[in-house]
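The values are calculated or read from the model by the stated rules, or taken from the named source; none is laboratory data. Note that the coordinates shown come from a computational prediction; the quantities given were computed from them, not determined experimentally. Note that we place each Cβ from the backbone using ideal geometry, even for glycine, and neighbour counts take in every protein chain shown.
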Amino acid sequence: MKNKKTLLVVIMLVAILAIAGIVIAVISVNNNNKSTAENDGKFTVVTSFYPMYIATMNVVDSANVNLVNLSEPKTGCLHDYQLTTDDMKLLSTADVFVINGGGMEEFLEDVVERYPNLKVVDASKGIEIEEGNAHIWMSVNNYIKQVENIAKGLSEKDGANSKTYTDNAAKYIEKLKGLSEQVDESMKGKKVMLLSEAYEYLAKDFGMEVVGVLDLDEEKDVSANELAETIDKIKNNGVGLILAEKEHGEKMAESIMQQVDVKTLYLDTIVSGEYDKDAYLNRMNSNITMLKGSV
């Protein structure tokens, strides 16, 4: 009987250890192997945040590269992002740091000062930036340019994989051009109110007339005066459509729609999500389809 109890205890311990191993493995995958990227000797590319990670993931596909995202996949935009000790440790192991640019990475000066030899690939190079608005990936054509910039920057640093980066970028860009071709003139001239500055580039792609932008986030409290001014703009300019982010803009949009006859579309800003190569393609396609369906 004693032997049977001992055997049962051993079996239970083995089962617990096996389950613990699975949990640890899942955590490791969800953290994008951030801790293991430091010591395996591979060419290491660090991206600043989600949309840059998805773009770079497509460019480095099949190359012998460690790709790591600096911020967590649910971080969203990097407004006021503070670098941690772990972030700085990770960047110390990086061969390349891919950034969105346009002012998104406000911490960049600290990184350059600390690691002057780190190659920084600015994906915004050659793109016209709307004043104070770094959400350039929200234009498909801009995103194509960002992919080109990333491939070029990686090739300059890692010549051995240059052809792989160039070929992968070309394949991905062909898919992105399929999205771009879906953008037609169905919304051209349509007057729109934005409850997030992220949609300014998408609206521009469609040729919409942006009457006003009220940039809402978790720290933005809308005053009664701002609400009244926004409603006046909508009424006085014949605005028929609001573009908003559901998480931060739904409350404001509902308040507006109670007082004026206007439609709201809740679109995706593609700032966070799963690490999936087709994430941008699928989610931007959904945005475009919603816009075209609103006509």
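Remarks
- Qualifying residue in segment 135-144 (condition: part of a loop (DSSP other than H, G, I, E, B), modelled with pLDDT of 95 or more and crowded, with 18+ Cβ neighbours inside 10 Å): yes
- Of everything listed in (1) assigned to a loop (DSSP other than H, G, I, E, B); (2) touching a helix residue (DSSP H, G or I) at 6+ places or on another chain (Cβ under 8 Å), the single unmet condition for L90 is (1).
- Members of segment 188-203 that are outside any strand (DSSP E or B) and of a type in the set (K, R): K188, K190
- One residue alone among T264, T289 is under 30 Å from P51 (Cα atoms) and either in contact with a Phe, Trp or Tyr (Cβ under 6 Å, 6 or more places away or on another chain) or part of a helix (DSSP H, G or I) (or both), and that residue is T289.
- Scan segment 171-194 for residues that are out of contact with any strand residue (DSSP E or B) (no Cβ under 7 Å at 6 or more places or on another chain), surrounded by 14 or more Cβ atoms within 10 Å (Cβ to Cβ) and under 16 Å from G240 (Cβ atoms) and the total you get is 1.
- Test for S223: is it polar (S, T, N, Q) and surrounded by fewer than 20 Cβ atoms within 10 Å (Cβ to Cβ): yes
- Every residue from segment 96-134 that is under 14 Å from the mean Cα position of the chain (by Cα), modelled with pLDDT of 95 or more and hydrophobic (A, V, I, L, M, F, W, C): V98, I99, A123, A134
- Long-range neighbours under 6 Å by Cβ, at least six apart or interchain, first residue farther than 13 Å from T289 by Cβ within segment 174-203, second of a type in the set (G, A, S) and not in a loop (DSSP other than H, G, I, E, B): V192/A203; M193/G212; L195/A244; L195/G249
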